[in-house]
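**Student:** The structure follows.
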Amino acid sequence: MTTESAFIAALRNLATHPAARGLNDDCAVLELGSETLILTHDAMAEGVHFLSGQDPADVAWKLVATNLSDLAAKGAEPLGVLLGYQLGGDDARFLAGLGEVLTHYNVPLLGGDTISATGAQVLGLTALGRATHRPVPSRSGAQPGDNLWLTGTVGAAMLGFEALKAGDGDSLAYRRPAALLDQGRALAPLVSAMMDVSDGLLLDAQRLAEASQVTIDIDHTAVPIATPEARRDEAMRWGDDYQLLFALPAQITPPVPAHRIGRVLARGPAALLLGGIEPVGTLGYEHH
């Protein structure tokens with residue numbers, strides 16, 4: 001079976017419209033006269049992105065929040081969502097959670113599609129937004145000399161997942177992540193590059209570095225973690241935390257709470273370094 005990275009590389013031959021940004025970004029960015037439309041689509045599969053038997057209200061929340069997090073990384077104002085839903089679970093609980101998250105973020109449901117199918121449940125959501133600043137932040141603008149920042153801790157979702165599986169402890173960070181829309185809008189006019197951390201801090205930092213054709217050197221001791229110190233490395237690779245990762249020119253201080261975790265260097269042999277050393281092993285989550 002084709003790996004995720006190989007399939008996306010093949011898709012780039014088809015995604016030639018400027019709005020696709022070469023499939024190197026979180027969202028499509030479509031210029032429409034005086035407005036810029038931001039579009040993103042994420043899918044979630046039972047047993048991969050949420051547990052079998054998990055409360056469908058939480059699944060609905062996560063489906064919406066993760067898509068809105070992509071809009072946050074563009075500094076966008078959400079306009080609405082389109083839902084792709086597979087019937088057959090506790091549909092009433094899903095609807096209840098969907099209503100909660102849409103109300104929380106004040107985002108309308110604009111339409112979508114429903115299907116019936118056997119096997120693991122697969123859900124999809126398209127989120128549409130309006131740019132609040134142009135140029136719209138991308139992954140590809142980081143410059144040597146920039147500092148690298150992170151809005152909050154990593155590892156909370158990992159602990160939440162473990163608590164949910166064990167049936168004991170605080171699982172909220174995994175079940176109901178937050179989309180940092182206000183922070184994204186505040187940062188958009190200032191950042192050189194920005195993305196959300198969905199697949200692991202190290203993997204996503206490498207993606208930002210690759211898109212920007214730079215090297216990023218992370219000071220792993222400066223990364224804020226929600227886990228015990230002994231699990232720092234796991235926390236930086238696990239993902240699902242949806243913090244904003246961004247590069248800022250050295251003279252600029254972010255207008256939102258954030259932690260400086262590294263620096264941007266001219267491109268060297270490796271796109272990502274940890275304290276000057278290339279990390280080994282799997283950097284984060286990729287579909288295979």
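The values are calculated or read from the model by the stated rules, or taken from the named source; none is laboratory data. Here the structure is a predicted model, which is why all the values come from computation and not from measurement. Note that each Cβ is placed from the backbone with ideal geometry, even for glycine, and that neighbours are counted across all protein chains shown.
**Student:** Take Ser212 and tell me if it is in contact (Cβ under 8 Å) with a residue 12 or more places away in the chain, buried (at least 22 other Cβ atoms within 10 Å of the Cβ), closer than 22 Å to Arg263 by Cβ and among the hydroxyl-bearing types (Ser, Thr, Tyr).
**Tutor:** So Ser212 passes the test.
**Student:** Can you go through Ala166, Ala142 and tell me which one is free of Cβ contacts under 8 Å to residues at least 12 places away in the same chain and closer than 26 Å to Pro224 by Cβ?
**Tutor:** Residue meeting the stated conditions: Ala166.
**Student:** Sticking with this one: Could you tell me whether segment 152-164 includes any residue that is farther than 15 Å from Asn67 by Cα, aromatic (Phe, Trp, Tyr) and surrounded by 23 or more Cβ atoms within 10 Å (Cβ to Cβ)?
**Tutor:** no
**Student:** Now for a different question. Go through segment 181-235 residue by residue and tally those that are within 17 Å of Pro249 (Cα to Cα) and not acidic (Asp, Glu).
**Tutor:** 20
**Student:** What is the residue count in segment 259-288 for residues that are part of a strand (DSSP E or B) and either under 23 Å from the mean Cα position of the chain (by Cα) or closer than 23 Å to Ala72 by Cα (or both)?
**Tutor:** Result for segment 259-288: 9.
**Student:** Looking at (1) without any contact (Cβ under 8 Å) to a residue 40 or more places away in the chain; (2) touching a Ser or Thr at 6+ places or on another chain (Cβ under 9 Å); (3) of a type outside the set (Ser, Thr, Tyr), which is the only condition Glu229 fails?
**Tutor:** Failing condition for Glu229: (2).
**Student:** Picking from Gly80, Gly97, Gly89, which residue would you name as being buried (at least 20 other Cβ atoms within 10 Å of the Cβ) and in contact with a Pro (Cβ under 7 Å, 6 or more places away or on another chain)?
**Tutor:** Checking each option against the conditions leaves just Gly97.
**Student:** Inside segment 138-148, can you point out the residues that are crowded, with 17+ Cβ neighbours inside 10 Å and within 15 Å of Arg207 (Cα to Cα)?
**Tutor:** Ser138, Arg139, Ser140, Gly141, Ala142, Leu148
**Student:** Considering only segment 168-258, give the strands (runs of 3 or more DSSP E) lying wholly within it that have at least 1 residues that are within 14 Å of the chain's Cα centre (by Cα).
**Tutor:** Here the list reads 193-196, 244-248.
**Student:** Does any residue of segment 105-120 turn out to be over 27 Å from Val214 (Cβ atoms), within 19 Å of the chain's Cα centre (by Cα) and modelled with pLDDT of 95 or more?
**Tutor:** Yes, segment 105-120 contains a residue that is over 27 Å from Val214 (Cβ atoms), within 19 Å of the chain's Cα centre (by Cα) and modelled with pLDDT of 95 or more.
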